[in-house]
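Here the structure comes first, spelled out in C-alpha cells, and everything after it is commentary.
The values are calculated or read from the model by the stated rules, or taken from the named source; none is laboratory data. Model, not experiment: these values are computed from the prediction. Here the Cβ is made from the backbone with ideal geometry for all residues, glycine too, and neighbour counts use every protein chain on show. Heads up: the accessible areas ignore ligands, DNA and RNA and are worked out on the full protein's heavy atoms, side chains in. Shrake-Rupley method; radii C 1.70, N 1.55, O 1.52, S 1.80 Å.
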Amino acid sequence: MAKLSLRIPPLPASLALVCMAVGAVVVIGLTTLAMVPLLLGLGLLAAWLVAALLLGWAGLEGLAALERWIENDPRFQR
C-alpha cells in the first residue's frame, strides 16, 4: 500500500487556517442575519394566531353574555 501524506509548510498552513476561520465567521454571521427575518416572521405569525384565538374566545364569551342578558331582561319576556 502506498502511504499518503500531505505536508504543508507552516506558513501556508497558518494562512489557510486564518482564511478558514474568517470564512467561518462570515458564513455564520450571514446565516444568522438571514435567519432574523424568518424568526421575526414566525414570531409575528404566532402573535397573530394567539390574537385571533383570543378575539374569537372573547367574541364567544360576549355572545354568551348577550344571550344571558336577553334571557333575563324583562323586556324580552312574554
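Could you calculate the contour length gain from Leu60 to Asn72, that is, 0.36 nm times the residue separation minus the distance between their Cα atoms, to one decimal place in nm?
That pair, Leu60 and Asn72, stretches by 2.5 nm at full extension.
Once you put a point 7 Å from the Cα of Val27 and another 7 Å from the Cα of Leu4, both along the Cβ direction, what distance in nm separates them?
About 2.1 nm separates the two model spin labels.
For the chain, just the Cα set please: Rg and Dmax, both in angstrom.
Both quantities, over Cα of the chain: 32.7, 104 Å.
How much length, in nm to one decimal, is gained on full extension between Leu42 and Val18, taken as 0.36 nm per residue of separation minus their Cα-Cα distance?
Stretched fully, the Leu42-Val18 segment lengthens by 5.0 nm.
Taking only protein heavy atoms into account and a 1.4 Å probe, give the accessible area per residue of the chain in Å².
Per-residue value: 95 Å².
Identify, among Gly29, Ala52, Ala16, the residue whose Cα sits farthest towards the positive end of the charge dipole of the stretch 6-78, taking +1 on the Cβ of Lys and Arg and -1 on the Cβ of Asp and Glu, with the dipole about the Cα centre.
With unit charges placed on the Cβ atoms, the residue in question is Ala16.
Before rounding to the nearest 500, sum -39500 (n - 2.57) across all DSSP H runs of length at least 4 in the chain and divide by the residue total; then give [θ] at 222 nm in deg cm²/dmol.
When only DSSP H runs of four or more count, the value is -30500 deg cm²/dmol.
Helix 10-72 sits at what angle to the longest principal axis of the chain, using alpha carbons and giving 0 to 90 degrees rounded to 10?
10 degrees
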